[in-house]
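S.K.: Dumping the structure here so I can ask a few things about it.
Rule-based calculations on the coordinates, nothing more; no lab input. The shown structure was predicted, so the numbers you read here are calculated from the model rather than taken from an experiment. Cβ sites come from the backbone with ideal geometry, for glycine too, and all protein chains shown count toward neighbours.
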Amino acid sequence: MADAKDIAEEVVYLAGQRKVDFAEVRVVEDSTASTLVEDGRADKVAQSQGRGACVRVLVEGAWGFVSIDTLSRRQLLAALDDSIELARASAERVSDPGMVAEAAATVAESTAPFGHDVRTVDVKEKLLAVKRLEEAARKHGGSLLVNSAVTYNDVVVREVVANTRGTLVEQESSRVFAACRVALSKDGMTQMGYERKGVVGGFEMIEELSADDFSLRAVEKAKILLSARPAPAGTMPVIFDPSATGLFTHEALGHNAEADGVWSGQSLLVGRMGQQIAADCVTIIDEPAMEGKFGYYLFDSEGTPASRRVIIENGVLKEFLHTLETAARLGAAPNGAARAEGHAARPIVRMSNTYTAPGSDSLDAMIKSIDRGVYLKDAQGGYVFTERGQFTCKAGQAVMIEKGELTEPLRDVSVAGLTLEILKNVEMVGSDLEVDWPGFCGKSGQSVPTAIGGPHLKVSSMVVGGRLQ
């Protein structure tokens with residue numbers, strides 16, 4: 001992208017001559033492919049390429065932003081003119097002037113490591129790999145099978161970021177994602193099983209992915225649920241598996257730690273910096289530079305180097321996630337948490353790979369410590385009301401704990417509670433650590449790749465939804 005770098009540098013140079021307070025140019029090129037095989041049919045096979053750029057300026061406390069679907073020098077210069085005009089037109093109406101934190105210039109190039117370049121793989125080979133995984137699910141489901149589907153997506157993105165502070169960053173990444181969904185039915189009951197894999201890497205993820213570790217696991221989850229009983233209802237101890245720990249960490253705590261929500265007063269963490277908000281055994285981290293993980297990056301969409309953000313350390317709130325603007329507003333150092341979905345979106349505060357750090361307890365010790373409770377597994381989705389801190393999590397699987405032993409499988413399990421209460425009720429933290437649940441996090445109309453995880457976690461008391469017994 002040598003031409004893109006030259007154009008970006010030229011535009012920010014000219015912006016500086018126009019005496020703007022700050023200007024940034026971002027150029028993005030991407031190549032994507034996707035495949036869906038459902039019930040033995042190839043229902044979707046698609047490939048696309050895209051390129052575009054955006055210009056963002058700060059003038060007299062007002063922001064101007066313009067994006068274009070080309071890398072034309074003429075149109076990029078026109079976008080600079082338009083963004084400055086937009087900013088000046090709104091400057092008189094801005095009640096809360098924009099600002100940008102001081103940050104050292106970054107000049108760097110980065111390529112996320114990957115093996116088999118997805119761009120060199122024929123679409124037929126991708127389709128055959130997906131068919132292999134979906135066929136294994138159909139065979140394993142047998143007469144119980146109602147529906148099976150395997151999806152595959154890959155994307156290679158190249159991005160150049162330049163600004164008037166002297167930053168010039170070029171980075172490339174390749175991501176591969178696959179998901180399996182099966183539905184099984186028995187005696188009038190239908191249950192679903194899910195499995196997904198995602199890495200920053202190449203086609204080797206699919207080449208090395210066995211059906212045993214993917215589509216057959218989804219089928220087995222659904223089979224277990226067909227014979228499981230409904231969950232009990234009430235308040236009781238709960239053990240989170242690493243996926244549930246990760247979901248709670250991301251949804252309930254991570255979104256509250258995004259500094260744009262703190263600045264706007266929409267986070268329950270407002271005014272709590274430096275306070276003890278969790279049990280001493282709880283440390284929560286957002287770490288972009290975890291090689292291979294789905295939320296991996298070394299520089300954010302503002303060109304700021306990504307750092308390891310320790311949000312909570314030994315129960316104490318230590319750090320928020322920042323863009324250049326939120327860092328300036330809250331008097332903090334930029335830490336590389338500005339991310340944008342493509343060239344047409346503005347960078348906003350986002351998480352990357354978010355997890356609870358491991359402790360020293362074993363899963364066996366956690367189970368033995370509970371007289372009656374629930375072991376929550378295979379977290380499927382969650383919801384958090386950030387201002388109130390209300391959190392709900394639905395599990396794909398669960399197991400009853402009775403008198404210190406795992407007994408029977410449960411279905412239709414959800415747990416709920418208040419974020420700060422849950423954090424303070426954490427009694428035991430496992431010595432294991434998994435950050436292997438990829439996903440796409442949505443916020444403000446944008447979706448970016450993230451990963452979640454952690455160790456096993458014991459919470460002394462949570463509301464479990466199910467049937468009263």
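S.K.: Is the stretch 229-465 best put as rounded, prolate or oblate by its Cα gyration tensor, with a ≥ b ≥ c the root eigenvalues, rounded for a/c under 1.5, and otherwise prolate when a/b is larger than b/c, oblate when not? The partial results should precede the final answer.
M.R.: Values: a/c = 1.96, a/b = 1.80, b/c = 1.09.
Judged from the Cα gyration tensor, the stretch 229-465 comes out prolate (a/c at least 1.5, a/b above b/c).
S.K.: I want to check a number: in the stretch 229-465, how many lysine pairs have alpha carbons closer than 27 Å, given a sequence separation of 8 or more or different chains?
M.R.: So the count of such lysine pairs works out to 25.
S.K.: Can you tell me, using C-alpha contacts under 8 Å and at least 6 residues apart, the relative contact order of the chain as a whole percent? Don't jump to the answer; show the numbers that get you there.
M.R.: Values: 1282 pairs, mean separation 75.6, N = 469.
With pairs under 8 Å counted, the relative contact order is 16 percent.
S.K.: Given axes a ≥ b ≥ c from the Cα gyration tensor, I'd like to know whether the stretch 288-358 is rounded (a/c under 1.5), prolate (a/b larger than b/c) or oblate.
M.R.: Details: a/c = 2.24, a/b = 1.19, b/c = 1.88.
Cα axes put the stretch 288-358 in the oblate bin.
S.K.: For the chain, what is the mean residue ellipticity at 222 nm derived from helices alone (per DSSP H run of n ≥ 4: -39500 (n - 2.57); sum divided by total residues; nearest 500 deg cm²/dmol)?
M.R.: -6500 deg cm²/dmol
S.K.: Another question, if that's okay. Identify, among Phe177, Gln75, Gly202, the residue whose Cα sits farthest towards the positive end of the charge dipole of the stretch 2-226, taking +1 on the Cβ of Lys and Arg and -1 on the Cβ of Asp and Glu, with the dipole about the Cα centre.
M.R.: Phe177
S.K.: Could you go through the stretch 291-305 in sequence order and give the Karplus-derived ³J(HN,Hα) for each residue, using 6.51 cos²θ - 1.76 cosθ + 1.60 with θ = phi - 60°, rounded to whole Hz, and x for Gly and Pro?
M.R.: Result, ordered by residue: 4, x, 6, 5, x, 5, 6, 9, 9, 7, 6, 10, x, 7, x Hz.
S.K.: Out of Ala4, Leu14, Gln47, whose Cα points farthest toward the positive end of the dipole of the stretch 1-123 (charges: +1 Lys, Arg; -1 Asp, Glu; placed on Cβ)?
M.R.: Result: Leu14, furthest along the dipole toward the positive end.
S.K.: State the Cα centre-to-centre distance between the stretch 57-105 and the stretch 266-339 in whole Å.
M.R.: When both Cα centres are located, 26 Å separates them.
S.K.: May I have the count of lysine pairs in the stretch 2-226 with C-alpha atoms under 19 Å apart, counting pairs 8 or more residues apart or located on different chains?
M.R.: Lysine pair count for the stretch 2-226: 12.
S.K.: Related question: Most exposed first by the Cβ proxy, i.e. fewest other Cβ within 10 Å, how do His322, His255 rank?
M.R.: Values: His322 29, His255 21.
Taking fewest neighbouring Cβ atoms as first place, the list is His255, His322.
S.K.: Another question, if that's okay. So what is the relative contact order for the stretch 229-465, in percent, with contacts set as C-alpha pairs under 8 Å and at least six apart? List each step's numbers first, then the result.
M.R.: Values: 665 pairs, mean separation 73.6, N = 237.
Relative CO of the stretch 229-465 lands at 31 percent.
S.K.: Between 0 and 90 degrees, rounded to the nearest ten: what's the tilt of helix 2-17 against the longest Cα principal axis of the chain?
M.R.: Long axis of 2-17 versus the principal axis of the chain: about 60 degrees.
S.K.: Which ³J(HN,Hα) values in Hz, rounded to whole numbers, follow from the phi angles of the stretch 149-163 under the Karplus curve 6.51 cos²θ - 1.76 cosθ + 1.60, where θ = phi - 60° and Gly and Pro get x?
M.R.: Ordered by residue, 3J(HN,Hα) equals 8, 10, 10, 9, 9, 9, 8, 10, 10, 10, 9, 10, 10, 9, 9 Hz.
S.K.: Between the DSSP loop rule and a limit of at most 11 other Cβ atoms within 10 Å, which trypsin sites (Lys or Arg not before Pro) in the stretch 346-444 are left? Intermediate values should be presented prior to the final figure.
M.R.: Working: sites: Arg350, Lys368, Arg372, Lys377, Arg388, Lys394, Lys403, Arg411, Lys424, Lys443; in loops: Arg350, Arg388, Lys403.
For trypsin sites (Lys or Arg not before Pro) across the stretch 346-444 that sit outside H, G, I, E and B with at most 11 neighbouring Cβ atoms in 10 Å, the list reads Arg388, Lys403.
S.K.: Using the Cα centre as the reference, give the magnitude of the dipole from point charges on the C-beta atoms of the stretch 323-469 (Lys, Arg: +1; Asp, Glu: -1; all else neutral), rounded to the nearest 20 debye.
M.R.: Dipole magnitude for the stretch 323-469 comes out near 540 debye.
S.K.: For the chain, with only Lys/Arg (+1) and Asp/Glu (-1) charged at the beta-carbon, what is the dipole magnitude about the Cα centre, in debye rounded to 20?
M.R.: Values: 50 positive and 65 negative charges, 223 e Å.
Dipole size: approximately 1060 debye.
S.K.: On a C-alpha basis, how far is the centre of the stretch 110-155 from the centre of the stretch 1-28 in Å? Whole number, if you could?
M.R.: That distance is 40 Å.
S.K.: Further question on the same structure: Neighbour counts of other C-beta atoms within 10 Å: give me Asp6, Asp154 arranged from fewest to most.
M.R.: Working: Asp6 13, Asp154 25.
Sorted ascending by nearby Cβ count, the order is Asp6, Asp154.
S.K.: If you place +1 on the Cβ of every Lys and Arg and -1 on the Cβ of every Asp and Glu, how big does the dipole about the Cα centre of the stretch 340-415 come out, in debye to the nearest 20?
M.R.: Working: 9 positive and 10 negative charges, 64 e Å.
Magnitude of the dipole: close to 300 debye.
S.K.: Using only alpha carbon pairs under 8 Å that are at least six residues apart, calculate the relative contact order of the stretch 2-226 and give it in whole percent. All intermediate terms of the calculation are to be shown ahead of the outcome.
M.R.: Working: 505 pairs, mean separation 49.8, N = 225.
Across the stretch 2-226, relative contact order equals 22 percent.
S.K.: Give, as a single signed number, the net charge of other residues whose beta carbon lies under 11 Å from the beta carbon of His456, with Lys and Arg counted +1 and Asp and Glu -1.
M.R.: Net charge around His456: -3.
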